[in-house]
Amino acid sequence: MFDFKNKVAVVTGGARGIGQCIREAFEKAGAVVCVIDLLENDYCVGDLADKGTLERFVQKVIAEHGHVDYLINNAAPKMCGVTNGSYEDFVYALQVGVTAPFYLAKLFAPHFAKGASIVNISSSRDRMSQPETESYSAAKGGIAALTHALAVSFAGKARVNSISPGWIDTHETVYQGADAVQQPVGRVGSPPDIANMVLYLCSEMAGFITGENICIDGGMTRQMVYHGDCGWRLDVEND
């Protein structure tokens, strides 16, 4: 369906999970993929919170390939909450989740090929939360907002969109019952659900789409759930 021969894609956090699936999908479509991750991989191991690491990574990519067609900011920020999260924890989450995507876009900007595309991976937590997830939610909300700002600034240079995944299982677990039916599509998501949209947004088929955030969550954030619905129960302790 997609042909990305002779294209160069950069994927952050591409060593496992959704990022690995995105990498494999690009490679299957013919692209060369440059990964940076804290985990071991065959291209670049490094901390996205470190400015020097980002600069060296960009220099490596450009020295080897001369240009970039697609930048996929996928690396996940640290999750910590207001109770136990430190100042440093919160700052680190924003460095990985917002500052790094901004700086990579800035550094790669002079090297974007014609028809370039940036896809930022946000989360449905950019609009809903669980307790004690402040750093992650703030970073994901930040990258969603960064998306439309970059789309305007990069007009004519690159299209910029974001994806907000919902519950995506990366361990091939089969969920049934309430876990599945609380989502209107009747199942938990899988990494290809996100990778397919990434490739679509990078393709010419999405040439009229920029500045958008696309939530891929099986409809979960659109479904109102009350006590007793979809297998959901609220347990309230009585004093």
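The values are calculated or read from the model by the stated rules, or taken from the named source; none is laboratory data. Keep in mind it's a predicted model, so treat the numbers as computed, not measured. For neighbour counting, all protein chains shown are included, and Cβ atoms are generated from backbone atoms with ideal geometry for every residue, glycine included.
Filtered by the rule that a residue be free of Cβ contacts under 8 Å to residues at least 60 places away in the same chain and closer than 21 Å to Arg222 by Cα, region 139-163 gives Gly141, Ala145, Asn161, Ser162, Ile163. When region 21-40 is filtered for residues that are touching a Lys or Arg at 6+ places or on another chain (Cβ under 9 Å) and surrounded by fewer than 20 Cβ atoms within 10 Å (Cβ to Cβ), the ones remaining, listed by number, are Ala29, Gly30, Val32, Leu39.
Residue-by-condition table, conditions (1) in a loop (DSSP other than H, G, I, E, B); (2) in contact (Cβ under 8 Å) with a residue 40 or more places away in the chain; (3) among the aromatic types (Phe, Trp, Tyr):
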{"position": "Ile36", "(1), (2), (3)": "no, no, no"}
{"position": "Asn41", "(1), (2), (3)": "yes, no, no"}
{"position": "Arg56", "(1), (2), (3)": "no, no, no"}
{"position": "Leu71", "(1), (2), (3)": "no, yes, no"}
{"position": "Thr83", "(1), (2), (3)": "yes, yes, no"}
{"position": "Val91", "(1), (2), (3)": "no, no, no"}
{"position": "Ala100", "(1), (2), (3)": "no, yes, no"}
{"position": "Gly115", "(1), (2), (3)": "no, yes, no"}
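Filtering Glu88, Glu40, Glu64, Glu24 for residues that are among the charged types (D, E, K, R), more than 26 Å from Ser153 (Cβ to Cβ) and within 18 Å of the chain's Cα centre (by Cα) leaves a single hit, Glu24. When region 180-204 is filtered for residues that are among the charged types (D, E, K, R) and over 14 Å from the mean Cα position of the chain (by Cα), the ones remaining, listed by number, are Arg187, Glu204. Restricting attention to region 1-17, the residues being part of a loop (DSSP other than H, G, I, E, B) and in contact with a helix residue (DSSP H, G or I) (Cβ under 7 Å, 6 or more places away or on another chain) number 4.
Matching residues to (1) surrounded by 18 or more Cβ atoms within 10 Å (Cβ to Cβ); (2) among the hydrophobic types (A, V, I, L, M, F, W, C); (3) touching a His at 6+ places or on another chain (Cβ under 9 Å); (4) at pLDDT 95 or above:
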{"residue": "Val96", "(1), (2), (3), (4)": "yes, yes, no, yes"}
{"residue": "Gly115", "(1), (2), (3), (4)": "no, no, no, yes"}
{"residue": "Asn120", "(1), (2), (3), (4)": "yes, no, no, yes"}
{"residue": "Ala151", "(1), (2), (3), (4)": "yes, yes, no, yes"}
{"residue": "Thr173", "(1), (2), (3), (4)": "no, no, no, no"}
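Residues that are acidic (Asp, Glu) and out of contact with any strand residue (DSSP E or B) (no Cβ under 6 Å at 6 or more places or on another chain) were ranked within region 26-54; the one that is nearest to Val198 (Cα to Cα) is Asp37. Quick check, is Arg159 surrounded by fewer than 20 Cβ atoms within 10 Å (Cβ to Cβ), among the charged types (D, E, K, R) and within 30 Å of Leu107 (Cβ to Cβ)? The answer is no for Arg159. The listed residues are Gly177, Gly166, Gly207, Gly219, and the only one of them that is touching a residue at least 24 places away in the same chain (Cβ under 8 Å), surrounded by 15 or more Cβ atoms within 10 Å (Cβ to Cβ) and either under 20 Å from the mean Cα position of the chain (by Cα) or over 22 Å from Arg23 (Cβ atoms) (or both) turns out to be Gly166.
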